[in-house]
Each structure stands twice: as structure tokens, then as C-alpha cells.
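These notes concern the structure reproduced below.
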Amino acid sequence: MLMKWIKCQVNEENKRSFSKAQEGWGQLRHCAGFVGQFGGWNRKEPCEAGILSVWKDLHCHQRFMQHQHDEIFAKSDQGSTYTNISVDIFESISNIGTTDITDFVQKGKLLRVAECSVENVKRARFEQVLRDAGNRGMIPGMLSGAFGKRQNGRYLAASLWDNEDSHQRYADKELPALINESGVKDSTQRISVSLIELQPKWAVI
């Protein structure tokens, strides 16, 4: 599996136009290898949109970029609605629990995406920590989740939540305990977290 993490900076006056354009990506569901896409606005950065797109593998995504992306993008006229865009591709390491993150998109209210960099000598240990966390499964309120990596030592942890209270309880109480227990904090550098309030009309399943 492949996870494509997209962040767009949007001026306040263009947020409505951007959102309308994002609703126009329904043609993705007809693309070979497409699994699902969803996103919304970052609560920590209200003028930043975050979109997570999931693909079967790199080959399917590359074929989409070569043959279908530009036509869909042009029809949406989305390019005129944002000031900056970043796109990162992560290879899936493991799921949290036994289901794919896209299976619960319609039930999810919040998407938490944590990104970090890990020193080369600590990457094997860090990846084992992620796999162990995935094998333990979901905590109350977490619908699903996934971990991904890039070759440059960057990692992504995405989790889908059914309500804000469950996520806040996890962030305040359970996450610090997990970090201390696993020793992850000693392995990571430059951690950033996006908390995305999902927009149902952006979802493509």
C-alpha cells in the first residue's frame, strides 16, 4: 500500500473555492489501484488543507499521474485556489489493527497525522516499535490507522477517530505513556502533528 500525504496552503477567501474543487475528485474511484482518499482542514492551521490518498502500490500511482491526474486537476480548476502545496509518498509499514484506514472513512470525524524523521542507525528499532504498536490494535475511539515510511528516514502515522473527546483523551493520557514505554522519543527528530477535521464531501471511496 502507498499513502500520499498532501498539504495545501489556502488563503481564507479561497477556502470555499478550494473545498468545492476538492469535491470534484470523484473520478479517482475509476482509476486502477486507487483505494481511497479523504481530508479536511487542519485545526492547528485553519488555512491548511490535509488530504490522505491511498493507493495499491507505486506502479498504480505512477500510472495515474502519467495518464489521468492532469485531466482531473484541470477540470477542478483547483490550482488557482491554493498558494502552496507539498506532496509526500509513504510506503505502508503496517496497519493499526486488522483493517485498512480507508474502511472507516465514512465514520471518521478526525484524522491525526504525525510526521517525524529518524536517525539512520535507529530506524530498524523505530520500525519495530511501530509494528508492535500496530499489532496491539486500536484504543477506544480510534477507528483505524496506518504507519508509512520514506527512504530518507521520514515516517508518517495516520489515525482515524470517531470523536474529538476520544482523540483528546489519547493525546493527553495514553500517547505520552506509549512514547515513554517505547523509547520512541529518543529515536525521532522534528515531529509535527496535523489534526484534520474531515470534510465528508471530500471523501472518495
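The values are calculated or read from the model by the stated rules, or taken from the named source; none is laboratory data. What you see is a predicted model, and the numbers here were worked out from it, not measured in a lab. FYI the Cβ positions are ideal-geometry reconstructions off the backbone, even for glycines, and counts take in every protein chain you see. Side chains included, ligands, DNA and RNA excluded: accessible areas come from the protein's heavy atoms. Shrake-Rupley method; radii C 1.70, N 1.55, O 1.52, S 1.80 Å.
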Rounded to a whole %, the carbon-and-sulfur portion of the accessible area of the chain at a 1.4 Å probe is 47 percent
Accessible heavy-atom area order of L160, L198, L58, highest first, probe of 1.4 Å
L58, L198, L160
Taking every pair of alpha-carbon atoms in the chain, what share in percent sits in each 5 Å bin, from 0 to the bin with the longest distance?
1, 7, 15, 21, 20, 17, 10, 6, 2, 0
In this model, which of K15/K149; K75/K149; K20/K149; K20/K44; K15/K56; K15/K173 are farther than 28 Å apart at the alpha-carbon?
K15/K149; K75/K149; K20/K149; K15/K56; K15/K173
The aspartates and glutamates whose Cα lies under 14 Å from the Cα of K7, excluding any fewer than 8 residues away in the same chain, are E45, E48, D88, E115, E197
Accessible area expressed per residue, the chain, with surrounding protein chains retained (probe 1.4 Å, Å²):
52 Å²
Given charges at Cβ of Lys, Arg, Asp, Glu: the stretch 1-102 dipole, positive-most of S86, N42, H61
N42
Which trypsin sites (Lys or Arg not before Pro) from the stretch 1-69 combine a DSSP loop assignment with at most 12 other Cβ atoms within 10 Å?
K44
Counting Lys and Arg as +1 and Asp and Glu as -1, what is the net charge of the other residues whose Cβ lies under 12 Å from the Cβ of G148?
0
So how strong a dipole does the stretch 1-149 carry about its Cα centre when Lys and Arg Cβ are +1 and Asp and Glu Cβ are -1, to the nearest 20 debye?
380 debye
